[in-house]
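Chemist: I'd like to ask you about the structure that follows.
The values are calculated or read from the model by the stated rules, or taken from the named source; none is laboratory data. Predicted model, so just to flag it, every value in this text is computed and none were measured. Glycine gets a Cβ as well: all are built from the backbone with ideal geometry, and neighbour counts include every protein chain shown. The protein model used for the area step is the full one, side chains on, heavy atoms only, and it has no ligands, DNA or RNA in it. Shrake-Rupley method; radii C 1.70, N 1.55, O 1.52, S 1.80 Å.
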Amino acid sequence: MAIKTIKQALLLFFIMILTTSQFYMHANAVGEKVGGRREVKNVHSNKQIQDLGRFCIEQYNLKMLQKGINGSSGKLLTFSEVVEAETQVVSGIKYYLKISAAPHGGGVAREFEAVVLVKPWMRSKEVLTFDPSPRSY
């Protein structure tokens, strides 16, 4: 009985090793890094990505209003569009977004970089960072 259990455990172990190695070999064969960032195609027509960009701007504006900074309405932004996006699988999905937004009330649009963590099973999304893009100036 003990020998049968050991054989089953070894068989399961080797199956796991083979499956895992096939996954890593496939990722390397297509030039992707496991856990690495992946470019999102068709960003402009991707509703989910555009909605995440809009969410980032809404959260930024809410933060500005909550701070109660004098003249904070001058710092509010109007969402234009997400112009670039990448995803990374972590404990959820991290979205790296480049967002075009203009000052509320008009003005020249600038680019901002945001990182959003989405955990669909928890129905949560959180803006981790939101900053002006260094290439925006």
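Chemist: Considering every residue within segment 66-77, establish whether at least one is of a type in the set (A, V, I, L, M) and modelled with pLDDT of 95 or more.
Modeler: For segment 66-77, residues of a type in the set (A, V, I, L, M) and modelled with pLDDT of 95 or more: present.
Chemist: Further question: Which of the following residues is of a type in the set (Phe, Trp, Tyr), under 19 Å from residue 38 (Cβ atoms) and modelled with pLDDT of 95 or more: 60, 96?
Modeler: Every option except 96 fails the conditions.
Chemist: Which ones in segment 119-135 are over 14 Å from residue 77 (Cα atoms), surrounded by 14 or more Cβ atoms within 10 Å (Cβ to Cβ) and touching an Asp or Glu at 6+ places or on another chain (Cβ under 8 Å)?
Modeler: 133 - this is the single residue of segment 119-135 that is over 14 Å from residue 77 (Cα atoms), surrounded by 14 or more Cβ atoms within 10 Å (Cβ to Cβ) and touching an Asp or Glu at 6+ places or on another chain (Cβ under 8 Å).
Chemist: Now for a different question. Go through segment 80-111 and give me each residue that's over 11 Å from the mean Cα position of the chain (by Cα), of a type outside the set (Ser, Thr, Tyr) and more than 15 Å from residue 45 (Cα to Cα).
Modeler: 101, 102, 103, 104, 105, 106, 107, 108, 109, 110, 111 - these are the residues of segment 80-111 that are over 11 Å from the mean Cα position of the chain (by Cα), of a type outside the set (Ser, Thr, Tyr) and more than 15 Å from residue 45 (Cα to Cα).
Chemist: Right, next: Within the set of pairs 6+ apart or on separate chains, which have a first residue in segment 31-45 that is surrounded by 10 or more Cβ atoms within 10 Å (Cβ to Cβ), a second that is part of a loop (DSSP other than H, G, I, E, B) and modelled with pLDDT of 80 or more, and C-beta atoms under 8 Å apart?
Modeler: Filtered contacts from segment 31-45: 40/46.
Chemist: Hey, can you tell me all the residues within segment 52-82 that are open to solvent by 60 Å² or more (accessible area, probe 1.4 Å) and assigned to a helix (DSSP H, G or I)?
Modeler: Of everything in segment 52-82, those that are open to solvent by 60 Å² or more (accessible area, probe 1.4 Å) and assigned to a helix (DSSP H, G or I) turn out to be 54, 58, 59, 62, 63, 65, 66, 67, 73, 75.
Chemist: What are the residues in segment 95-108 that are surrounded by 17 or more Cβ atoms within 10 Å (Cβ to Cβ) and not aromatic (Phe, Trp, Tyr), if any?
Modeler: 97, 98, 99, 100, 101
Chemist: Is it the case that residue 79 is farther than 17 Å from residue 37 by Cα, touching a Gly at 6+ places or on another chain (Cβ under 7 Å) and among the aromatic types (Phe, Trp, Tyr)?
Modeler: Yes, satisfied.
Chemist: Further, regarding this structure: Quick check on residue 116: is it assigned to a strand (DSSP E or B) and open to solvent by less than 30 Å² (accessible area, probe 1.4 Å)?
Modeler: yes
Chemist: For the list (1) without any contact (Cβ under 8 Å) to a residue 12 or more places away in the chain; (2) assigned to a strand (DSSP E or B); (3) of a type outside the set (Phe, Trp, Tyr), I need the number of the one condition that residue 85 fails.
Modeler: (1)
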